[in-house]
Amino acid sequence: MSRFARLLFGRRARRRWIHLILGGALAMPYVFVGQLVVGPATDSRYVFNDLPLQLLSFAVGLPLATITAVLFPLTRSLEAGAVRSLCGVDSGLLAHGPARSRAAKGRAAAWFTLHLGFGGIISGMSLAVPPFAGFLVALPLLVRLGGAELVGLPEALDHTWVLALAPVAGVATMVALAGCAAVSGTLLARWAPALLGPTPEDRLAAAEARAADLAVRNRLARELHDSVGHALSAVTLQASAARRVLDSDPEFVREALAAIEDTTRRSVGELDAVLGVLREGNTPGTAPAPTLATDLAGLLRRTRAAGLRVTAKVTADGEALPPVLSREAYRIVQEGLSNALKHAGAGVTVLLRIEVADGHLGITVENPVDCARECRPGGGHGLRGIADRARLLGGTTVAGAEQGTWRLYVRLPMRGPVDCP
């Protein structure tokens, strides 16, 4: 019994009832237009007082609602929002945004017509039935106080059993109204995903938007990993070396602290450039992203200050490289040196070659492999980031250890498909 009461008068049923009443309110302008057509057509001056003519006006107005939904694509967005809020339909089953294709507009128009149709009927019943039901419930009391003449009760109904059943009939009428509203609301809730759900075009657009958002997030992750990760690795080694010789070599400690200061200052500027990815347009005051042409010398200086002995053989002209290629190549070199710092340790010699051959830019980073050093937990993101950068530029990446030497080789086309934003 309690379950039956919840189905008719529970929170979900009440919210769906409100949704139907909103549909009836939306149907009223179309009913008024229908009355303007039905009145002259039937030569009737008082359409509003004639129930059959009102129903005819309602039937004439519904096709106008269908046309409105077709002409205004935003109808789907508005209806979907109302369904999410009031009908208890999962948001993932409904489309976001206006209807674009012809099929989507047709389904949205069908839904709008059904909503206004069911809503108009339930709204009319909601206006008429409660007063009538209340009259039936109060009928025995009214007859006892004022007699049958007070309520205009016909003599044929002026019987004790009629008066006794009148309150029961009133309650049954309200239950029937609630049942009609619950059934109508349930039907609309079941039809909503089919009529207001996303089309294949909507799903494709949503997938493209998610892919674009994921690409931006991945790029931001790569930039943070390469710039801030390199700076933290260098600062960690510099601080560790300074701590070990704090008492015996104050001059080295001063140089290490100066290098840490320079590295952190530089990393703050790079972090500002990375965060510029999240901003729309070119925000004034944002530091430019580092490139191979302008920042390679500083990168090598800071890396050497961290303890690596870097032998650099640069034959490529950084000024002649395309800006995107120069930027991505700088990040690849930075990550290669950062990996050498983390995994080979300070004091080793790293060979860096940057050269142009056969229309391609080649970047090679070689360093000895220290098998005793353990990899940092959660590592490996750097090589994936390098591979992603190379792939977006149309290049290739080869990395691995051979005969005690770790070798990273990246080959990037000087001209080709560049997808990096």
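Think of the chain as a dipole: +1 on every Lys or Arg Cβ, -1 on every Asp or Glu Cβ, centred on the Cα centre; then among ALA109, LEU393, PHE132, PHE132 lies furthest on the positive end.
Between the residues LEU165, ALA320, GLY23, the greatest Cα displacement towards the positive end of the dipole of the chain, with unit charges on the Cβ of Lys, Arg, Asp and Glu, is found for LEU165. Nonpolar atom fraction for the stretch 165-264, defined as the carbon and sulfur part of the 1.4 Å probe accessible area, stands at 67 percent.
Please compute the alpha carbon radius of gyration of the chain, then divide it by the globular-protein estimate 2.2 N^0.38 Å. Two decimals is fine.
That ratio works out to 1.74.
Taking amide H positions as modeled 1.01 Å from N, with prolines and chain starts lacking one, the residues under 5 Å from VAL369 and 5 or more places away or on another chain are THR405, TRP406. Here the Karplus relation 6.51 cos²θ - 1.76 cosθ + 1.60, evaluated at θ = phi - 60°, turns the backbone of the stretch 41-53 into coupling constants of 5, 9, 6, 10, 8, 10, 5, 5, 8, 10, 4, x, 5 Hz, with x for every Gly and Pro.
Distances between placed amide hydrogens fall under 5 Å for ALA95 paired with GLY197, all partners being 5 or more residues away or on another chain.
Couplings 3J(HN,Hα) for the stretch 395-412, derived from phi with the Karplus relation 6.51 cos²θ - 1.76 cosθ + 1.60 (θ = phi - 60°), are x, 10, 9, 10, 9, x, 9, 8, 6, x, 10, 8, 10, 10, 10, 10, 10, 10 Hz, where x marks Gly and Pro.
Summarising the amide proton neighbourhood of LEU361: residues at separation of 5 or more, or on other chains, whose placed amide H is nearer than 5 Å comprise LEU412, MET414. Each of the trypsin sites (Lys or Arg not before Pro) that DSSP puts in a loop and that has at most 16 other Cβ atoms within 10 Å breaks the chain; the longest unbroken stretch is 101-278. In a simple Cβ point-charge model (Lys, Arg +1; Asp, Glu -1; nothing else charged), the chain has a dipole of about 600 debye relative to its Cα centre.
Among the protein heavy atoms of the stretch 57-102, carbon and sulfur supply 70% of the accessible surface, probe 1.4 Å, non-protein parts ignored. Normalised size of the stretch 285-344, defined as Cα radius of gyration per 2.2 N^0.38 Å with N residues, equals 1.16.
Length available on full extension from ARG6 to ARG415: 0.36 nm per residue minus the Cα-Cα distance, which gives 140.4 nm.
Computed from Cα atoms, the angle from the helix 160-196 axis to the main principal axis of the chain rounds to 30 degrees. For LEU74 and TYR46, the FRET efficiency from 1/(1 + (r/R0)^6), where r spans their Cβ atoms and R0 equals 22 Å, is about 0.05. Computed from phi, the 3J(HN,Hα) profile of the stretch 358-367 under the Karplus parametrisation 6.51, -1.76, 1.60 (θ = phi - 60°) reads 6, x, 10, 9, x, 10, 10, 10, 10, 8 Hz, with x in place of Gly and Pro. For the pair SER248 and ALA212, a Förster radius of 56 Å applied to the C-beta separation gives a FRET efficiency near 0.50, rounded to the nearest 0.05. Helix 250-275 and the longest principal axis of the Cα set of the chain meet at an angle near 30°.
The values are calculated or read from the model by the stated rules, or taken from the named source; none is laboratory data. Remember, predicted model here, so these are calculated numbers, not experimental data. Ideal geometry is used to build each Cβ from the backbone, glycine not excepted, and the neighbour counts take in all protein chains shown. Only protein heavy atoms, including side chains, enter the accessible area calculation; ligands, DNA and RNA are left aside. Shrake-Rupley method; radii C 1.70, N 1.55, O 1.52, S 1.80 Å.
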